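**Student:** Take this structure, written in structure tokens, and hold onto it; I'll ask about it next.
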Amino acid sequence: MSGPVADEPILSVRNLYGRIAGQQVVEDVSFDVPATGVTALLGRNGVGKTSTIKSILGLIDRTGEVRLAGERIDRAPTHRIVQRGVAYVPEDREVFGSLTVAENLRLAERDRSPRRELVASLFPDLEARREQRAGTLSGGQQQMVSLARALVNENRLLLVDEPTKGLAPRIVDEVADALAEAARTAPILLVEQNLLVVRRLAERVVVLSSGRVVFTGPAEELLDDHDRVQRFLGVHDEREAA
Amino acid sequence: MDTLVLLLITGLGLGALYFLVASGLSLIYGLMGVLNFAHGAFLTIAAFLGWEAGRRISDGTWTGLAISALVGILVGATVAVLTEVLIIRRLYERHIEQALVTVGISLAAVALFEGIWGTDPIYTDRPAWLTQTTEILGARIPNDRFLLIACAALVLGGIVLFLRRTRYGLIIRAGVENRHMVTALGIDVRRSFTLVFAIGGAAAGLGGVLASVYYGYVSAHLGSVLLIFAFIVTVIGGLGSLTGAAIASVLVAVLQQFANFYLGGTGDLVVVVLLAAVLLIRPRGLMGKAA
Amino acid sequence: MTAKSLRLVIGGILLVVALAILPLLAIDVPGVLPGPTYTPGTLQLLAFALLIAALALTYRMMFGLAGLLSFGHALFFAAGAYGLAMTLEAFGPAEWPSALVFTVAIAVTLVLGFVLAATVGALALRVTGISFAMVTLAFAQAGSVLIRRNPGSATGGDEGLALDTAHVPPELVGVVDTRNLYWVALGILVLVYLIVLSVEKSRAGHVAEAIRENELRVRVIGLRPYNVKLLVFIAASVLASVAGMGYLLLQSGAAPRIATADFTLTLLVIVVLGGVGARWGAIVGGIVYTLLDQRLTALAGSDAIAALPDILRVPLSEPLFILGTLFVLVVLFLPGGIAGLPARIATGRKQHPAEPEETVDA
Amino acid sequence: AGGGDADGAETAPVAIGMITSETGPLAAYGEAYVAGFEAGLDYATDGTGEVDGRELEITWEDDQGNPDTAVAKAKDLIGQGTKVLAGTVASGIALSLAEQAEQNEILYISGPAAADAITGVNDYTFRSGRQTYQDVATAGTFIGDPAGKKVVVFAQDTAFGQGNLAGVEAVLGGQGAEVQGVLVAEDATEFTPFAQQLIDAQPDLVFVAWAGASSGAMWTALQQQGVFDAAPVVTGLGDVATYQAYGDASADISFLNHYFGGAAGTDIEEEMITRLEEAGATPDLFSVDGFVAAQMIVQAVREGGDDVDAMIEALEGWTFESVKGEVTVRAEDHALIQPMYQVNLVEGADGWAPELIETIDAETVAPPVAG
Amino acid sequence: MTDHAALELEHVTLRIGGAHILKDVSLSVPEGEMLGVIGPNGAGKTTLFNIVSGILRPTEGAVRLAGADVTTQPVHRRAAAGLGRTFQTSSLFPALDVLENVRLAAQVREGRAASVFRTPRRTDAATRRALAALEEVGMAQRADAGASGLSHGEKRKVEIAMLIAMEPRVILLDEPMAGVGSADVPALTEVIRGLHRGGRTVLMVEHHMDVVLGLADRVAVMHHGELLAADSPEAVMANPTVQSAYLGSAA
Ligand SMILES: Nc1ncnc2c1ncn2[C@@H]1O[C@H](COP(=O)(O)OP(=O)(O)OP(=O)(O)O)[C@@H](O)[C@H]1O
Ligand SMILES: Nc1ncnc2c1ncn2[C@@H]1O[C@H](COP(=O)(O)OP(=O)(O)OP(=O)(O)O)[C@@H](O)[C@H]1O
Ligand SMILES: [Mg+2]
Ligand SMILES: [Mg+2]
């Protein structure tokens, strides 16, 4: 895997518009994801975080310019984008309920030598349930399958949508660890409501408000500024949001 | 005794025919989540063109039959792919609409075939051996039944291997459930779906040619006659389960034979009763997975 | 509620009145109707179209409202037609006046239709989705087989059953009275429409809609989906047999074709052609389909077609080919069916339903 | 002649409504009927298309093999004042049209539809073709004296098959034969076990009444299981398209036949064939039905004018020369009393073709009076 | 109605295939209590709710609502008898609008909810009750919106409005805060508190510990299908197993 030029962003989004069922849900969004570390995409419920990620991947109707390591991907079909090394952990887990855990993982393997051991060590719970149908897993277990599907390949970029939603506090820790670990080899664009996790992982944040970018900058700059946190995210105290 | 053997083996032969038609249907049904009403049309067009080719090149010989089968398979696959690319693809994840367009296709296709080839059946020739019989335990079994059974076994084995050995089986099952997520894993679902359609169409094509051997004719309604039984065995067998379809084919055909013979020709009645009974007791069918 | 719905009601009444006086007028629509509207041939065709529309309406109530995809609706239509024919033939004490026999026969058929619907529904609704479709298909096939087998010479087998006109009011017999039959058909359509409307607007209708969306959720708020589905199923089926009785009178007989799965599929085609989204879609679909079917046959036999080169002549002389193709095109390019047209025109042509991947590759 | 009430009616055209399958499953039969009718009309009117100076205004309608369509077309025609309807190949449709004829008091001449029930169904309905009884009676001529013989009827469990079984029971059973039926579900596709059943019955004669596409498979099964070695097999010879359907069994089957091109050898047959060939058609099973229908319509109009009762009177008991020789419209029940044929298939350069063995006298196969 | 606990589970055990999913769970929830249910992912919390609401039948054991044994009763009976629940992932009727969603629930309370002879009107009691419920969760202004277009948080609120309209005596909330933006958490917490304040018995599965601790009278801990403890929040938080198995360093 040839790493991108150090200061070139791995992902650059310019004037992105996205529509669902004829309704504009992403409006003129522009931001960069640097080639290393975690960039968090924040915003209140319904501002269009998920839609932005789906637009990048071509899962919904979109126009605008999206570059992956300098190459235009805004006209490519989803599977091509993913084949170029972009992994996606969707918001609602979206595991294949009628397939077993093992089958879910096998389907996700893109690389010639998938990192099965890594996944097994990250989520021992799944190892024990390889033959269980994913539809019968608990919510949290499904979330693990969803993450595992992304981490089993080597990626150039991870798009992760609310990975800690519905996870027990201890697992939240573990997932955060796993993401921190993953971020050492591939940059991550992370959507997350849990500001503690954001603070721990993210170097940079991009904040959306009603479909537009209202803030981009280093994570501390935002998180330490109670005023802005309050304004953009509607949170008084980040502890409260944990 | 010999009647029993005769009923059993001819039942098996009929079951093989049902399965040949149902295999493609079951595959596509498993993939689309809906019944493909155009499957009968795939079969009929393959039978017609297979017959046209076979009779042009050599009539009533094994070469002729082989050519018919080959042409039938190609035609079935091509027509299925065209249907998928031009029509079904535009309606992905709208299962009901998909089933509906296939209804439209089958209506239009049967009418078109009638326009081209007429309403009368066209009788076909076949290799002499196939018109003869072989005696088993006192029963004279028509040889073409053996051909049917062999082909059905080959198709079953072939498709099962294909689904086991490749990732396509997984892709299809996952794709039915959540197509977007499959693409988001970097898989070209469309190509997989088209491929599976081609295989289903090819199976239908082979089934069409063999059906014309079995019936001794081709006609515009060849496919529609078989389609209803193919539906029944597909559903009894269970959504998308090929082995289920195979078991159900044999079950239905043998039962039908016995009922037709011993219960005053009530074969078709017994089959629909079986259908209702199986579904009411086991809504998923014999081998179907929980939805 | 109010101005708009008042306008709708008045519009509806005017429409029915306009349809009702049609036999008294001499409107000629060349290419659509075989002759002026007062001629028996045209009235027969229109009456048939109205009955099919009524039947389609009942089918839409199941499929469009409650999401019940049945492959066996024809069974109930056939039950109405055959039931009435058989009761009229089988019974009728000599001392009873004809009118009474006729009325009682209708009542008996209704009861039979109800019992059949309740039985089939109670069983079939134990399963859902494609299994439900196949169980209804199984019942309808069984019915269809029985009708063709002609048990005890009761159904006339594949030759069909002629209407025994001994007890049928003379006003409903013979070509000169086609007009009366037309009014009967119109009456049936209006009746079916009103009942369907009241079911759909009722609480039960709303619940049925919710069940279509998420059955478990309905149970969790304390309702038993089974009951509501059964209710819709029975209502639609009994109304279908009412349409079947109209059919029997209109055709002076019943043919086994009306009990086949193909006939149910035709209904499905009609409902989708008209648009699942609206009641009037089913009506328009029924009428358009019947007229098209009839007119395309006329076209197929016309000299204009015969003069065409083979490649055009062969397909164009097959009415079903044209209908099938048309239907495919409607599903592909007009997802709302005919009923969806006004909305599409209003919102502009550019409104394609989003199929993201398609646009990506384009 | 003529019951016309006004003088104008004497020269006004007479509307004739012809309803038959031009499309649908029975389109091929319909085609033969239509061609035969055109030839018959040409013959009966000497090419003028007129009767006593009145033009016969013929309207053709396609019933698509569907009774609903047929009834709609009939009502349309009747509504426009048509007093004469004719045609259709399907018995179910013919019965519906007969019903319309009675309800509306017009003349109906049914086409090739074979059901015995059409004969004598009402005063207004006539027939221009043969009926099942005549087929069966012809089959009976193959075994000489039926008394004490065992006849097995192998048929589909349809109105047609059931009608044939009933016919055999009436004709041959009445003459002392033991009749057994083997009825097969219409949509059965496997006939091998039934062939076995036929042999097990040890019959003196097997009568096969079969229609539709499955006949090829059925014959193959009979042959494979050796039914032909066990007993003589008789069946009806259908239209030209079926001549090749019997395959290797062809030579072993004895055929009864209503008509094939060249069967009659009459002058009128020659007239018909010439006209058919001029029109690009070939003589076939149901050409005669069309031809006879035209003759009957011309007779009805010539003698009856516009008055339906007079037409009926003109036809009842009418004996005339037609393609198959002398035929009679029996007054009591409107059956058409006509000769039938015994036929073999012989293989020639163009495949199998029929060859006449014997003509069976019309009276020999006349059905009993219906009703 | 008063002597009995609102909800009782007796030796509830569930096996599916070879898996032992719930192991001998016994629990009694007194009338009016707010019980938090916590535990690692896959501990069996949702399963427990499914058993209480009747979606699953226990292999062994009994479920009692206000003293009445409902172990074999179907889902809708229990719901009609006053048991309401939400799902871990939002489930509304997407084709209906917000008001219709809630009104369906309100009709059940009134009886004859699925009658063919009654037509819903803008002014009838069920509609008024539905609007009041929407008001309570702050969604009244969205009454006419289609349910499919709501944001995540809005869906959660509508679900709770449906519960309010049903007027259940016992409520099961499965992760009501999952996916709710930090900004909306306080408001939703208040809505839940309101549910409880009406004297209703509430069981709530939730991974947001501060929400649980802020609301619950008592906290039940599940682990590997077993009920480890049901105690005061403080006691539970102090429990070492809970610390290691559930909370991790976040404690
Ligand atoms: N299928 C849909 N139909 C109509 N509108 C939709 C649909 N999906 C999303 N929306 C709308 O698009 C907007 C953006 O939604 P999106 O899911 O991207 O928000 P989000 O920032 O991810 O919110 P959350 O924090 O709740 O996940 C919302 O207003 C939502 O109502
Ligand atoms: N059919 C099955 N076969 C085997 N195990 C099953 C089956 N169905 C459920 N399970 C297991 O039962 C356990 C209980 O799941 P449940 O959904 O109740 O967990 P939970 O406590 O709600 O977790 P979460 O907090 O992640 O939602 C899970 O471990 C699940 O994998
Ligand atoms: Mg989101
Ligand atoms: Mg859970």
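**Student:** Within the range E:60-100, how many residues turn out to be more than 17 Å from C:Arg219 (Cα to Cα), surrounded by 16 or more Cβ atoms within 10 Å (Cβ to Cβ) and free of Cβ contacts under 8 Å to residues at least 40 places away in the same chain?
**Tutor:** 0
Residues are listed down the side, and each one gets a yes or a no for (1) more than 14 Å from chain C (Cβ to nearest Cβ); (2) out of contact with any helix residue (DSSP H, G or I) (no Cβ under 7 Å at 6 or more places or on another chain):
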{"position": "B:Gly40", "(1), (2)": "no, no"}
{"position": "B:Leu43", "(1), (2)": "yes, no"}
{"position": "B:Thr61", "(1), (2)": "yes, yes"}
{"position": "B:Gln98", "(1), (2)": "no, no"}
{"position": "B:Val101", "(1), (2)": "no, no"}
{"position": "B:Leu107", "(1), (2)": "no, no"}
{"position": "B:Thr124", "(1), (2)": "yes, no"}
{"position": "B:Thr133", "(1), (2)": "yes, no"}
{"position": "B:Ile141", "(1), (2)": "yes, no"}
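**Student:** In the set E:Arg77, E:Arg109, E:Arg129, which member is within 30 Å of E:Glu8 (Cβ to Cβ), among the basic types (Lys, Arg) and more than 9 Å from chain C (Cβ to nearest Cβ)? Spell out how you get there, then give the answer.
**Tutor:** Working: E:Arg77 fails: more than 9 Å from chain C (Cβ to nearest Cβ); E:Arg109 fails: more than 9 Å from chain C (Cβ to nearest Cβ).
Within the list E:Arg77, E:Arg109, E:Arg129, the selection yields E:Arg129.
**Student:** Right, here's the next one. Kindly evaluate A:Ala76 against the criterion of being away from ligand 4 (no atom under 16 Å from the Cβ), aliphatic (A, V, I, L, M) and on the phi > 0 side of the Ramachandran plot.
**Tutor:** Working: away from ligand 4 (no atom under 16 Å from the Cβ): yes; aliphatic (A, V, I, L, M): yes; on the phi > 0 side of the Ramachandran plot: no.
Against the criterion (away from ligand 4 (no atom under 16 Å from the Cβ), aliphatic (A, V, I, L, M) and on the phi > 0 side of the Ramachandran plot), A:Ala76 does not qualify.
**Student:** Test each condition in (1) in contact with a His (Cβ under 8 Å, 6 or more places away or on another chain); (2) within 22 Å of A:Ala148 (Cα to Cα); (3) within 16 Å of ligand 1 (Cβ to nearest atom) for A:Gly46 and report the one that comes out false.
**Tutor:** Looking at each condition in turn, A:Gly46 falls short on (2).
**Student:** Return the residue satisfying two criteria in turn: it lies in the range E:110-155 and is touching a Ser or Thr at 6+ places or on another chain (Cβ under 7 Å) and either within 16 Å of ligand 2 (Cβ to nearest atom) or β-branched (Val, Ile, Thr) (or both), and of such residues it is most open to solvent (accessible area, probe 1.4 Å).
**Tutor:** E:Thr119
**Student:** Would you check if A:Thr50 is more than 8 Å from every other protein chain (Cβ to nearest Cβ) and out of contact with any Leu (no Cβ under 9 Å at 6 or more places or on another chain)? Lay out the reasoning, then the answer.
**Tutor:** On the way: more than 8 Å from every other protein chain (Cβ to nearest Cβ): yes; out of contact with any Leu (no Cβ under 9 Å at 6 or more places or on another chain): yes.
Against the criterion (more than 8 Å from every other protein chain (Cβ to nearest Cβ) and out of contact with any Leu (no Cβ under 9 Å at 6 or more places or on another chain)), A:Thr50 qualifies.
**Student:** With the condition being closer than 25 Å to D:Trp352 by Cβ, I'd like the strands (runs of 3 or more DSSP E) fully within the range D:206-325 carrying at least 1 qualifying residues.
**Tutor:** Numbers: elements: D:233-236, D:253-257, D:319-322.
By residue number, D:233-236, D:253-257.
**Student:** Residues to consider are A:Gly48, A:Gly22; find the one that is crowded, with 22+ Cβ neighbours inside 10 Å and at pLDDT below 90.
**Tutor:** Numbers: A:Gly22 fails: crowded, with 22+ Cβ neighbours inside 10 Å.
On inspection, the qualifying residue turns out to be A:Gly48.
**Student:** Then there's this: Please verify whether the range A:71-86 includes one or more residues that are of a type outside the set (Ser, Thr, Tyr), under 29 Å from E:Met177 (Cα atoms), in contact (Cβ under 8 Å) with a residue 40 or more places away in the chain and crowded, with 24+ Cβ neighbours inside 10 Å. Quick ask: steps written out before the conclusion?
**Tutor:** Kept after step one, since they are of a type outside the set (Ser, Thr, Tyr), are these residues of the range A:71-86: A:71-77, A:79-86.
After this cut, where a residue has to be under 29 Å from E:Met177 (Cα atoms) as well, the list is none.
Scanning the range A:71-86 turns up no residue that is of a type outside the set (Ser, Thr, Tyr), under 29 Å from E:Met177 (Cα atoms), in contact (Cβ under 8 Å) with a residue 40 or more places away in the chain and crowded, with 24+ Cβ neighbours inside 10 Å.
**Student:** Within the range C:275-288, how many residues turn out to be modelled with pLDDT under 90 and within 14 Å of chain B (Cβ to nearest Cβ)?
**Tutor:** Of the residues in the range C:275-288, 3 are modelled with pLDDT under 90 and within 14 Å of chain B (Cβ to nearest Cβ).
**Student:** Answer with yes or no whether D:Gln64 is outside any helix (DSSP H, G or I) and either over 18 Å from D:Leu315 (Cα atoms) or touching a Gly at 6+ places or on another chain (Cβ under 9 Å) (or both). Lay out the reasoning, then the answer.
**Tutor:** Working: outside any helix (DSSP H, G or I): yes; either over 18 Å from D:Leu315 (Cα atoms) or touching a Gly at 6+ places or on another chain (Cβ under 9 Å) (or both): yes.
Considered against the rule, which asks whether it is outside any helix (DSSP H, G or I) and either over 18 Å from D:Leu315 (Cα atoms) or touching a Gly at 6+ places or on another chain (Cβ under 9 Å) (or both), D:Gln64 comes out as yes.
**Student:** Could you run through the range E:163-182 and say how many residues are under 25 Å from E:Glu8 (Cα atoms), within 16 Å of ligand 1 (Cβ to nearest atom) and at the interface with chain A (Cβ under 10 Å from one of its Cβ atoms)?
**Tutor:** Looking only at the range E:163-182, we keep the residues that are under 25 Å from E:Glu8 (Cα atoms), and these are E:163-176.
Next cut, within 16 Å of ligand 1 (Cβ to nearest atom) only: E:175-176.
Now restrict to residues that are at the interface with chain A (Cβ under 10 Å from one of its Cβ atoms): E:175.
The total comes to 1.
**Student:** So, in the range D:181-190, of the ones that are touching a Leu at 6+ places or on another chain (Cβ under 9 Å) and not hydrophobic (A, V, I, L, M, F, W, C), which residue ends up nearest to B:Val254 (Cα to Cα)?
**Tutor:** Looking only at the range D:181-190, we keep the residues that are touching a Leu at 6+ places or on another chain (Cβ under 9 Å), and these are D:181-183, D:185, D:189-190.
Checking which are not hydrophobic (A, V, I, L, M, F, W, C) leaves us with D:181, D:189-190.
Numbers: D:Gly181: 23, D:Thr189: 12, D:Glu190: 11 Å.
Filtering the range D:181-190 for residues that are touching a Leu at 6+ places or on another chain (Cβ under 9 Å) and not hydrophobic (A, V, I, L, M, F, W, C), the one nearest to B:Val254 (Cα to Cα) comes out as D:Glu190.
**Student:** Now, a different point. Note down all Cβ pairs under 6 Å where the first residue falls in the range E:139-162 and is more than 20 Å from C:Ile221 (Cα to Cα) and more than 9 Å from ligand 1 (Cβ to nearest atom), the second is of a type in the set (Asp, Glu) and open to solvent by 20 Å² or more (accessible area, probe 1.4 Å), and they're at least six residues apart or on different chains.
**Tutor:** From residues that are more than 20 Å from C:Ile221 (Cα to Cα) and more than 9 Å from ligand 1 (Cβ to nearest atom), the pairs are E:Asp144/E:Asp97.
**Student:** Answer yes if at least one residue in the range C:25-40 is farther than 30 Å from C:Ala210 by Cα and part of a helix (DSSP H, G or I), and no otherwise. So that I can check it myself, show each step before the final result.
**Tutor:** Taking the range C:25-40 first, the residues farther than 30 Å from C:Ala210 by Cα are C:25-40.
Keeping just the survivors that are part of a helix (DSSP H, G or I) gives C:40.
Checked against the condition, which is being farther than 30 Å from C:Ala210 by Cα and part of a helix (DSSP H, G or I), the range C:25-40 yields at least one hit.
**Student:** If you check E:Gly36, E:Gly17, E:Gly61, E:Gly44, which single one turns out to be modelled with pLDDT of 90 or more, within 11 Å of another protein chain (Cβ to nearest Cβ) and more than 16 Å from ligand 3 (Cβ to nearest atom)? Before the answer, list the steps.
**Tutor:** On the way: E:Gly36 fails: within 11 Å of another protein chain (Cβ to nearest Cβ); E:Gly17 fails: modelled with pLDDT of 90 or more; E:Gly61 fails: within 11 Å of another protein chain (Cβ to nearest Cβ).
Exactly one residue qualifies, and that residue is E:Gly44.
**Student:** Restricted to the range B:213-242, and to residues that are among the β-branched types (Val, Ile, Thr) and in contact with a Phe, Trp or Tyr (Cβ under 9 Å, 6 or more places away or on another chain), which residue is most open to solvent (accessible area, probe 1.4 Å)?
**Tutor:** Taking the range B:213-242 as the starting set, the residues that turn out to be among the β-branched types (Val, Ile, Thr) are B:213, B:218, B:225, B:228, B:232-236.
Now narrow it down to the ones that are in contact with a Phe, Trp or Tyr (Cβ under 9 Å, 6 or more places away or on another chain): B:218, B:225, B:232-235.
Values: B:Val218: 1, B:Val225: 63, B:Ile232: 6, B:Val233: 0, B:Thr234: 1, B:Val235: 8 Å².
Result: B:Val225.
**Student:** Failed condition for A:Ala168, given (1) away from ligand 3 (no atom under 16 Å from the Cβ); (2) within 11 Å of chain E (Cβ to nearest Cβ); (3) open to solvent by 10 Å² or more (accessible area, probe 1.4 Å); (4) in contact with a Gly (Cβ under 7 Å, 6 or more places away or on another chain), with all others met?
**Tutor:** For A:Ala168, the exception is condition (3).
**Student:** Mind counting the residues in the range C:289-320 that are open to solvent by 50 Å² or more (accessible area, probe 1.4 Å) and either at pLDDT 90 or above or not hydrophobic (A, V, I, L, M, F, W, C) (or both)?
**Tutor:** Of the residues in the range C:289-320, 6 are open to solvent by 50 Å² or more (accessible area, probe 1.4 Å) and either at pLDDT 90 or above or not hydrophobic (A, V, I, L, M, F, W, C) (or both).
**Student:** Within the range A:198-215, work out how many residues are under 14 Å from the mean Cα position of the chain (by Cα), open to solvent by 10 Å² or more (accessible area, probe 1.4 Å) and within 12 Å of another protein chain (Cβ to nearest Cβ).
**Tutor:** Residues meeting the conditions: 0.
**Student:** Among (1) farther than 30 Å from A:Leu233 by Cβ; (2) within 10 Å of another protein chain (Cβ to nearest Cβ), where does A:Val95 come up short?
**Tutor:** Failed condition: (1).
**Student:** Within the range D:187-195, can one find any residue that is more than 14 Å from chain B (Cβ to nearest Cβ) and surrounded by 24 or more Cβ atoms within 10 Å (Cβ to Cβ)? Walk me through it before giving the result.
**Tutor:** Residues of the range D:187-195 more than 14 Å from chain B (Cβ to nearest Cβ): none.
No, there is no match, as no residue in the range D:187-195 is more than 14 Å from chain B (Cβ to nearest Cβ) and surrounded by 24 or more Cβ atoms within 10 Å (Cβ to Cβ).
**Student:** So which residues in the range C:221-263 are among the polar types (S, T, N, Q), surrounded by 24 or more Cβ atoms within 10 Å (Cβ to Cβ) and at pLDDT below 95? Walk me through it before giving the result.
**Tutor:** Taking the range C:221-263 first, the residues among the polar types (S, T, N, Q) are C:227, C:237, C:241, C:251-252, C:260.
With the extra rule that they be surrounded by 24 or more Cβ atoms within 10 Å (Cβ to Cβ), the set shrinks to C:237, C:241, C:251-252.
Once the filter is applied, which keeps residues that are among the polar types (S, T, N, Q), surrounded by 24 or more Cβ atoms within 10 Å (Cβ to Cβ) and at pLDDT below 95, the range C:221-263 yields C:Gln251, C:Ser252.
**Student:** While we're on this one: Tally time: how many residues in the range E:181-209 are within 16 Å of ligand 4 (Cβ to nearest atom) and free of Cβ contacts under 8 Å to residues at least 40 places away in the same chain?
**Tutor:** Qualifying residue count, the range E:181-209: 1.
**Student:** Report whether or not A:Leu118 is more than 10 Å from chain E (Cβ to nearest Cβ), modelled with pLDDT under 90, outside any strand (DSSP E or B) and away from ligand 3 (no atom under 16 Å from the Cβ).
**Tutor:** Working: more than 10 Å from chain E (Cβ to nearest Cβ): yes; modelled with pLDDT under 90: yes; outside any strand (DSSP E or B): yes; away from ligand 3 (no atom under 16 Å from the Cβ): yes.
When the stated conditions are applied, A:Leu118 passes them.
Yes/no per residue for (1) free of Cβ contacts under 8 Å to residues at least 24 places away in the same chain; (2) of a type in the set (A, V, I, L, M); (3) buried (at least 22 other Cβ atoms within 10 Å of the Cβ):
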site: B:Leu82; (1), (2), (3): yes, yes, no
site: B:Ile96; (1), (2), (3): no, yes, no
site: B:Leu100; (1), (2), (3): yes, yes, yes
site: B:Val103; (1), (2), (3): no, yes, yes
site: B:Ala108; (1), (2), (3): yes, yes, yes
site: B:Gly115; (1), (2), (3): yes, no, no
site: B:Glu135; (1), (2), (3): yes, no, no
site: B:Phe146; (1), (2), (3): no, no, no
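The values are calculated or read from the model by the stated rules, or taken from the named source; none is laboratory data. Everything numeric here is computed off the predicted structure, so don't read it as measured data. Neighbour counts are summed over all protein chains in view; Cβ atoms, including those assigned to glycine, are modelled from backbone coordinates with ideal geometry. Only protein heavy atoms, including side chains, enter the accessible area calculation; ligands, DNA and RNA are left aside. Shrake-Rupley method; radii C 1.70, N 1.55, O 1.52, S 1.80 Å.
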